[in-house]
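What follows draws every value from the coordinates through simple rules; no lab data is involved. These numbers were taken from a predicted model, which means no experiment stands behind them. Virtual Cβ from ideal backbone geometry, glycine too; neighbours counted across all protein chains shown.
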Amino acid sequence: MITEAERFNVNHPDLCPHLRWKGQFIQVEWDPTVPACNDGAFWCLYSQTCIGPDGGLAEPGECTSTGRACYGTGKV
């Protein structure tokens with residue numbers, strides 16, 4: 001069973017380059033006094049929704065599998 005920390009880990013080395021999330025667009029220095037938002041708002045660059053081109057969830061825990069049909073290309 002995958003933990004929540006693993007499910008939402010945006011620093012995974014095999015993360016699909018087409019996964020997007022709000023935190024990518026916030027250009028501020030990290031402040032340890034401010035809790036992480038971890039709001040889970042992820043989307044695929046190709047489908048523009050939380051569902052990837054292959055019908056699976058677009059979130060870090062799902063978008064780190066090189067075996068996924070759309071991984072890295074957006075094609076199914």
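So which GluC sites (Glu not before Pro) in the chain are both in a DSSP loop and have at most 14 other Cβ atoms within 10 Å of their Cβ?
When the GluC sites (Glu not before Pro) of the chain are filtered for loop state and at most 14 Cβ neighbours within 10 Å, 29 remain.
Could you check the simple spin-label distance between residue 22 and residue 5, using points 7 Å along Cα→Cβ, in nm with one decimal?
For the pair residue 22/residue 5, the computed spacing is 2.3 nm.
Can you compute log10 of I(q)/I(0) for the chain with the Debye formula, treating each Cα as one identical point scatterer, at q = 0.15, 0.27, 0.28 Å⁻¹?
These q points yield log10 I(q)/I(0) values of -0.51, -1.34, -1.40.
Need the full-extension length gain, residue 50 to residue 76, defined as separation in residues times 0.36 nm minus the C-alpha distance. One decimal, nm.
Full extension of this stretch gives 7.8 nm more.
Please give me, ordered by residue number, the chymotrypsin sites (Phe, Trp or Tyr not before Pro) of the range 1-33 that lie in loop per DSSP and have at most 11 other Cβ atoms within 10 Å.
30
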